[in-house]
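The values are calculated or read from the model by the stated rules, or taken from the named source; none is laboratory data. Everything numeric in this text was worked out from a predicted model, so none of it was measured. Using ideal geometry, Cβ is built from the backbone for each residue, glycine included, and neighbour counts are taken over all protein chains shown.
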Amino acid sequence: MFKIVKKRILTPVTKLFEVDAALVAKKAQPGQFVVVRVTEKGERIPLTVAATDPGRGTVTIVVQEVGKTSSMLGRLEEGQDLLDFAGPLGKPAPLLDSGHVVVVGGGFGVAPILPIAKALKSRGVKVTGIVGARTKDLLILRDELAESCGEVLVATDDGSLGTKGLVTDVLKKELIDQGVKIDQVIAIGPMVMMRAVAEATRPYNLKTLVSLDPIMVDGTGMCGACRCTVEGKTRFACVDGPIFDAHKVDFDEAVRRGKMYAAEQRVAFDRYKAEVAK
Amino acid sequence: MPIKPRTSMPTQEAEARKRNFNEVALGYREEDAIAEAARCLQCKDAPCQKGCPVGVQIKDFIKAAKTGDWAAAYDKIKETNSLPAVCGRVCPQEEQCEKLCLLGKKGQPEAIGRLERYASDMAMKRGVNVQKPGDGAPGKGRKVAIVGSGPAGLTAAGDLAKLGYSVTIFEALHASGGVLIYGIPEFRLPKAIVAEEVDLLKKLGVEVRTDVIIGRTVTVDEVFAMGYEAVFLGTGAGLPKFMGIPGENLNGIYSANEYLTRTNLMKAYRFPDYDTPIKMGKKVAVIGAGNVAMDSVRSALRHGADEAFVVYRRTEKEMTARAEEFEHAIEEGVKFHFLTNPVKFLGDETGWVKGMEVQKMELGEPDASGRARPVPIPNSNYVMECDTVVVALGTSPNPLLSSTTPGLKTKEWGGLIVEEETGKTTRDAVYAGGDAVTGSATVILAMGAGKKAAKAIHEDLQERAKKA
C-alpha cells in the first residue's frame, strides 16, 4: 500500500497527489512513469511522474479525471492508500546539456513537463515554457514551472489569459517567427496538441520530443498494448519510450489506438457515476 | 490379465464449459482416486520418477494413496514439489512420468497427474500444516532474493525457505504467480489454487514484495547491498513476438500475453464488474498452435465469440500444444486452419481489424527446430474474416534485467547464459532458471530449474560460510 501524504486540487478535475513510495522516489528520472492501481478490481494505469522527493521518499503524480479509474483516484484523500504504485518505468527523457529548450505543456501535461524543465535548468540549459488550456482556470502549475523557466508563455482558447489561441500559435508567433534560436522542443499533453506541435516544428526541422500516453496493462514490456509506430517501426511505449521523436511518430495510429476501448470506458464510467450518485 | 483402463476424470460438458471460465476438469471423486491408485504396479525401480523434472517420489506417494492415506501421499509429494496442486493440473505428464509408466507399454499409463491433483486438493481442503524450519536449520539468518514469482521463483523460494533461509521474492506485477496467474486461464488453473500455494510459501516464512521491478525500482547490485547473499532470477519470458506484417497495429490485434493478461490477471471476462476491458470479438483468429494459442482461442469462446479459430502455418503433427489441450479445443468447437499463414491484416474505415490475407503453405525440408519447414504456395492467397486477432507465436526474455545488471550475459536471442546443472549465471552469486534461460517452455521445467538453482545456492552459501 502506498499512502497519499498530500493532495492538492489544481482544478475541479485535476488533482495532485504526493505519494509515499520511497524506492520509486530514489530512482525516478524526468520522463519516467509509474503504474497505479486504485482498487482490487481496478485497472492498471500509467501516470507520468511530476516530481520526486528522495529525502521524504515521495513521488508526485497529477491525475485528470476523465474516466472511472482517474475519477476514483481523484476522489482519494490525504492519508488514504493507493493499492499499487510500481515504477519507475520507461526511459528517462534524453536531455540536452546546453542551448535553449522550449517545453510545452497542454492541460495536465504541464505536470510531467515540470521535472524535465527542472533538470534542464540544473544542467545550465535555457528553458522557455509554454502552457495552454481551454480557459485560465484550467491552467495548472504555472508558478512551479516558472521556477525553472526564464519565461512562461500562456495560451488559452478563450483568451482569458495570455494569447488567445493554441500553444502552437504562441510557439510560432512569439518564438519561431521572432527568430529565437531553439535547440529542442519537448511537448507533453493531449495527443492532438502534441501532434499540432509536431506539425508546427516540422517545416523548421526543429527537433521535437513528445511523451506518448497509450493504453497499457503491465507497463514493463510484457503485453504490447502500448505499441506505436515510430519511423515505420513498431515500438513499445512502455520500454522504448514513452518519449519519442515527434516527427517520426504515427499520430493517426496513436490516436486510433487510444480510443480502442472508448465504448467500454463509457460503460464503466456511467456505472461508476451512477454508483457515486447513490 | 488384461490391464484395466485408467479411471477417467469427470469434466464439464463441452457445450456448457465453452461459455464459462470455471475449471474444465472437475477432479477425481474419492472412489475414482482409490481405483486409479490401485492400478499402480509399484515397480521396483519406479521408472516414472526418472521422468519428473522435480523428482517427485511417485511410487511412494501412490503407495500411500492405495491405502487411502491421502495426507501421507500429499506429504510425500510435497517433499520435492512446492506446487503440487498446480503441477497436477498443468504438467504435460504424458511426456514425462506417465510416458515411462510400465502400464503404458501394454495399455494406458497410471494417471499420476490426476492422483497428484487429488492428493493436493484434499490436503488444501483439510488445511495444510506448515512446519517452519527450526533454529538449527542450515540457512538461518541468511538472506536470499528471488526475482519473479512464477513457477521457477516459487520453487526456488520454497526449497530455500525449507532450509531456513530468509527468502524474499520481488515481483513486478501486483499479484504473485507469474505466468500461473497472468497466463494460464482460470478454466485450466483456478487462481485460488495459485493463491493457496503462494500462501503456503508465506507460512513457511517467504516474504513476497509485489510492485518491485528489479532493474528499475531496485537493481541487482542494490539487492546485494540490502544484505542478500544470493539472487535467483526467475523472470520468465515476457516479451511477446509479433509477425512484423502490414496492419499488425490495427485495433483489435493482441499479443497472446495481452489477451491472456487482460483475461486472467485483470479478469476482463468479468467486465464491467472488474474495470479492465477486452474486445469480446465475434470472429476471433488465433495465430500459432502452442499451449498459449489453445488458451487464447478457448478464452475467446468463453468471451462469447461465435467463431474462434486457429491459424497455423504447419500441420497438426508439428503443433506444440499438449494433446489434451488440442482435444479440449476441438470438443469446444475451435476450428483449425493448418498450412495457413497470415501475410497482411486488413482494417475497416475506423482502423479495426476486419480480416487477414493468408497464404497457403506446404511442408518442405526440416528446419533448425527439426520440424518440416513451411513453404508458401504461390498464388494461393485469400482473405479470412475476423474482428479480433491474437498473435500467439511465443515470447522471449525481457531485456530489462540483462541491460541493467553488469556482468550478466545473454545469448543472442536474449536467454540468460547459465551453467546447466546449477543455474549459475555469468555474474557471481546470481543464478537463473526457467523461461528466462530457455525461452518459453513448461511450468514443470521452470520448477526443475528453480530446484537445481536452490540446491546450488544452498551448497555455495554453506561453502562460503565454511571459508569465512
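Inside the stretch A:88-138, residues that are of a type in the set (Ser, Thr, Tyr) and either without any contact (Cβ under 8 Å) to a residue 24 or more places away in the chain or in a strand (DSSP E or B) (or both) make up a count of 2. Residue B:220 meets each of the listed conditions (1) of a type in the set (A, V, I, L, M); (2) within 13 Å of another protein chain (Cβ to nearest Cβ); (3) over 24 Å from residue B:24 (Cα atoms); (4) touching a helix residue (DSSP H, G or I) at 6+ places or on another chain (Cβ under 8 Å) apart from (2). For the stretch A:72-96, filtered to residues that are away from every other protein chain (no Cβ under 11 Å) and more than 17 Å from the chain's Cα centre (by Cα), the residue that is farthest from residue A:45 (Cα to Cα) is A:96.
Residue-wise test of (1) in contact (Cβ under 8 Å) with a residue 12 or more places away in the chain; (2) more than 11 Å from chain B (Cβ to nearest Cβ); (3) not in a helix (DSSP H, G or I).
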{"residue": "A:234", "(1), (2), (3)": "no, no, yes"}
{"residue": "A:239", "(1), (2), (3)": "yes, no, no"}
{"residue": "A:252", "(1), (2), (3)": "no, no, no"}
{"residue": "A:266", "(1), (2), (3)": "no, no, no"}
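Would you pick out the residues in the stretch B:221-248 that are crowded, with 21+ Cβ neighbours inside 10 Å and either without any contact (Cβ under 8 Å) to a residue 60 or more places away in the chain or among the hydrophobic types (A, V, I, L, M, F, W, C) (or both)? Residues satisfying the conditions are B:223, B:230, B:231, B:232, B:233, B:237, B:239. Here B:182, B:165 are screened, and the one residue that is surrounded by 21 or more Cβ atoms within 10 Å (Cβ to Cβ) and closer than 18 Å to residue B:429 by Cα is B:165.
Select from the stretch B:237-251 the residues that are in contact with a helix residue (DSSP H, G or I) (Cβ under 9 Å, 6 or more places away or on another chain) and within 9 Å of chain A (Cβ to nearest Cβ) and list them in ascending order. Result: B:238, B:239, B:240, B:249, B:250, B:251.
Being more than 11 Å from chain B (Cβ to nearest Cβ) and among the small types (Gly, Ala, Ser), is that true of even one residue in the stretch A:218-227? So far as the stretch A:218-227 goes, no, none of its residues is more than 11 Å from chain B (Cβ to nearest Cβ) and among the small types (Gly, Ala, Ser).
Residues in the stretch B:252-299 that are surrounded by fewer than 20 Cβ atoms within 10 Å (Cβ to Cβ), within 13 Å of chain A (Cβ to nearest Cβ) and either of a type outside the set (Ser, Thr, Tyr) or under 26 Å from residue B:319 (Cα atoms) (or both): B:267, B:270, B:272, B:273, B:280. Of all the numbered requirements in (1) farther than 14 Å from residue A:220 by Cα; (2) more than 9 Å from every other protein chain (Cβ to nearest Cβ); (3) out of contact with any strand residue (DSSP E or B) (no Cβ under 6 Å at 6 or more places or on another chain), residue A:68 misses one, and that requirement is (2).
Evaluating residue B:203 against the criteria (1) more than 14 Å from every other protein chain (Cβ to nearest Cβ); (2) within 15 Å of residue B:148 (Cβ to Cβ); (3) among the charged types (D, E, K, R) leaves one unmet condition, (2).
Where helices (runs of 4 or more DSSP H) sit wholly within the stretch B:96-176, those with at least 1 residues that are away from chain A (no Cβ under 14 Å), polar (S, T, N, Q) and touching a Pro at 6+ places or on another chain (Cβ under 8 Å) occupy B:112-126.
Residues are listed down the side, and each one gets a yes or a no for (1) buried (at least 19 other Cβ atoms within 10 Å of the Cβ); (2) touching a Gly at 6+ places or on another chain (Cβ under 8 Å):
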{"residue": "B:3", "(1), (2)": "no, yes"}
{"residue": "B:34", "(1), (2)": "no, yes"}
{"residue": "B:42", "(1), (2)": "no, no"}
{"residue": "B:58", "(1), (2)": "yes, no"}
{"residue": "B:75", "(1), (2)": "no, no"}
{"residue": "B:78", "(1), (2)": "yes, no"}
{"residue": "B:84", "(1), (2)": "yes, no"}
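Checking A:220, A:229 one by one, the residue that is hydroxyl-bearing (Ser, Thr, Tyr) and modelled with pLDDT of 95 or more is A:229 and no other. Considering each residue of the stretch B:208-220 in turn, at least one proves to be surrounded by fewer than 17 Cβ atoms within 10 Å (Cβ to Cβ), of a type in the set (Val, Ile, Thr) and within 22 Å of residue B:265 (Cβ to Cβ).
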